[in-house]
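Peer 1: What follows is a single structure, and I will ask about it in a moment.
Just so it is clear, none of the values below were taken in a lab; they were calculated from the coordinates. Just so it is clear, the structure is predicted and the values come from calculations on it, not from any experiment. Cβ: placed from backbone, ideal geometry, glycine included. Neighbour counts: every protein chain shown.
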Amino acid sequence: MEKDILKNKYYLYLTEFFAGMSVMAVELGASRLLAPYFSSSQIVWTIIIGTIMIAMALGNIYGGRSADKHPDPDRLYRRLLIAAVWIGAIPLVGKYVIIGVSALLVLTISTNFLVIAAFLACMLLFVYPLFLLGTVTPSLVKYTVDSLDDNGTTVGTLGAFNTIGSILGTFLPTFVTIPAVGTAVTFLIFSGILLALGLLYVISRGSGKRGAAVAVVLFLLCCIFGHSGSFAFWESDLAYEGESIYNYLQVRETDRSVTLSTNVLFGVQSIMVKDDSLTGMYYDYALAAPFMAGVQEKEKVNVLILGMGTGTYARQCLKYFDNVSVEGVEIDRKITDLAGTYFALPDTIPVTTYDGRAYLQAVDRKYDVIMVDAYQDITIPFQMSSVEFFSLVREHLTEDGVMVVNMNMKSGDMAGEENINTCLADTISSQFVCVYTVDVRGATNRELFAAQSPEALERLERQATSGAIGDEELAGMMQQVSDSLAAYESGEYILTDDKAPVELLGMRVIDELIQEEIGYYKEVFRERGIDGLLGIM
């Protein structure tokens, strides 16, 4: 039987096909597993691709040498069974490994926390199974090449099957399995495929059944205990937890509010306050933009929100201004769906599922206020941070229109230093005559307002001091913003479509923020060790 199945080259080609498919599926699954903790920025993707390529290269070398030294196909399919079980275990143990690595590093390093943590997590979780899958191609070459007369054809066919499998392994997780059943089940699906491939070989050979039985039992345990895939495993009261094509999504409800987070470890992306009061977040500061655009002097004010989220800012604008028309752009359709289910977003507010920049390029309408609040995880999409983008925003504003930008990574930065906020502010200043900033109290956010005339600031100051704002809470908020706004002095750091290293700039600020937050705990750890740290928890 062994000779029969190995002489059937289609079975060997299928082995190559599913190995290539599984490699890409694991790579995409890795990005989704890491994203809630470390973001899905270009830096994290670079780490994932780099570590996987290291694993595949080492696997190619080892697989070739092993096939020459021990030309026994049992070894290859035994490795496939091990890889299948390891991949199946990732949903069960992966989140604990990530949290453990993060906890260890946060107490021991001072810079590049996210980079190092993501790299170590990738090394621990993904290198070994992909190393094993990397042995497949050179081993199969050994078993499929019969003579030098057709070795080119055989190797080429193997490569084609691997490539076609990789293509499917790229599209299926992204567009089918992850949105439909989640990251955890996606890992289990491709683990099951590899397991079935190995079992078929074991059954046909009639030996190695004990090892195969162990692999099946371990896989079933992984399915039972690892299929739920909760990223925030320490949370027990989430109203919703799920995934979309773009994001991990988490809705939390308390007596006071409902919040949306797209990361386990970082921040709140949207909020609805149940008593309809101000949020205490940057959205309140952004309400100055309609006043700066002359909302109390115009018959109608049109507001466009790029990065609608669940509609926090839209609901506020409709509550406080009777003459405002709001429309939003949100790239993630699932977030828009959650907005209607959990955040009471009115059906009357049109929301377009599209990229913010692409939307501006597609419409010729002008707006009195454009709010830019588009973030992918904890980083700004580079295409919405460049001079070309802000030029496009300026063209879509009315003559006295105002752009308001949420910058969510304020730290100890200062004008003149190259950091994410300085680069954004300098870039915006190159397109707008007047730029003002204000720091959000008790948060890492900074709001930036840009206009073509100083009259925008004068309108806000006039409304804030005249007593014309009927809502007392809003009036106090606008007075605070008016008093705190500072004119920004532009510098030379300009981001362009060709050069906008927002991920690297953002990572530097994140390192600073992390160190500020855990400085006390690091000091306790240095002085009293782990016992002292546990004592204050």
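Peer 1: Between Val155 and Leu58, how many nm apart are label points set 7 Å from Cα along the C-beta direction?
Peer 2: Result for the modelled spin labels: 2.5 nm.
Peer 1: Still on this model: If you rank Met403, Met292 by fewest surrounding Cβ atoms within 10 Å, what's the result?
Peer 2: Numbers: Met403 27, Met292 30.
Lowest to highest Cβ neighbour count: Met403, Met292.
Peer 1: Report which label in [x] 29.0; [y] 25.6; [z] 30.7 holds the value of mean projected area of the Cα convex hull in nm² derived from the coordinates of this structure.
Peer 2: So the calculated entry is the one marked [x].
Peer 1: Nearest 10 degrees, 0 to 90: what angle lies between the long axis of helix 9-38 and the longest principal axis of the chain (Cα atoms)?
Peer 2: The answer is roughly 30 degrees.
Peer 1: Can I ask one more? Please name whichever of Val106, Leu457, Ile420 sits farthest to the positive end of the charge dipole of the chain, dipole taken about the Cα centre and charges placed at Cβ: Lys and Arg +1, Asp and Glu -1.
Peer 2: Projecting each Cα onto the dipole axis, the largest value belongs to Val106.
Peer 1: Also, quick follow-up: Could you check the simple spin-label distance between Lys69 and Tyr240, using points 7 Å along Cα→Cβ, in nm with one decimal?
Peer 2: 5.5
Peer 1: Taking 0.36 nm per residue of separation and subtracting the Cα-Cα distance, what length does fully extending Val433 through Leu168 add?
Peer 2: 90.4 nm
Peer 1: On to the next question. To test your reading of the geometry: what angle, between 0 and 90 degrees and rounded to tens, separates the Cα axis of helix 502-536 from the longest principal axis of the chain?
Peer 2: 80
Peer 1: Still on this model: How charged is the neighbourhood of Val301? Take every other residue with its Cβ under 11 Å from the Cβ of Val301, and add Lys/Arg as +1 and Asp/Glu as -1.
Peer 2: So the environment of Val301 carries a net charge of -3.
Peer 1: To check you understand DSSP bridge types, tell me what percent of the beta bridges within region 277-500 (both residues inside) are antiparallel, rounded to 5. Kindly include the intermediate steps, with their values, before the conclusion.
Peer 2: Values: 14 of 31 bridges.
Approximately 45 percent, going by the DSSP bridge assignments.
Peer 1: For Arg210 and Ala358, compute 0.36 nm times the residue count separating them, minus their Cα-Cα distance, and round to one decimal in nm. Could you put the intermediate results ahead of the total?
Peer 2: Details: separation 148, 0.36 × 148 = 53.28 nm, distance 5.67 nm.
Stretched out fully, the Arg210 to Ala358 stretch lengthens by 47.6 nm.
Peer 1: Something else now. Rounded to the nearest 10 degrees, what's the angle between the helix 73-106 long axis and the longest principal axis of the chain, both from Cα atoms, 0 to 90?
Peer 2: 30
Peer 1: May I ask you to compute the full-extension gain from Leu104 to Lys298, defined as 0.36 nm times their residue separation minus their alpha-carbon distance, rounded to one decimal in nm?
Peer 2: Difference between extended and current length: 64.2 nm.
Peer 1: Going by amide H atoms built from the backbone, whose H comes under 5 Å of the H on Ser270, apart from near neighbours?
Peer 2: Leu260
Peer 1: Still on this structure: In the structure shown, do any of Lys274/Lys300; Lys9/Lys209; Lys69/Lys209; Lys9/Lys142; Lys274/Lys319; Lys366/Lys499 have a Cα-Cα gap over 19 Å, and if so which?
Peer 2: Lys274/Lys300; Lys9/Lys209; Lys69/Lys209; Lys366/Lys499, as the Cα separations exceed 19 Å there.
Peer 1: Right, here's the next one. Using the number of other C-beta atoms within 10 angstrom as an exposure proxy, rank Phe187, Phe18 with the fewest first.
Peer 2: Phe18, Phe187
Peer 1: Starting with the fewest neighbours, write out Trp45, Trp86 ranked by other beta-carbon atoms found within 10 Å of each beta-carbon.
Peer 2: Result, fewest neighbours first: Trp45, Trp86.
Peer 1: I want the local charge near Tyr354. Using Cβ-Cβ distances under 11 Å, sum +1 for each Lys or Arg and -1 for each Asp or Glu among the other residues.
Peer 2: Every neighbour counted, the sum reads -1.
Peer 1: If you put +1 on each Lys and Arg Cβ and -1 on each Asp and Glu Cβ, how big is the dipole of region 298-393 around its Cα centre, in Debye rounded to 20?
Peer 2: For region 298-393, the charge dipole is close to 160 debye.
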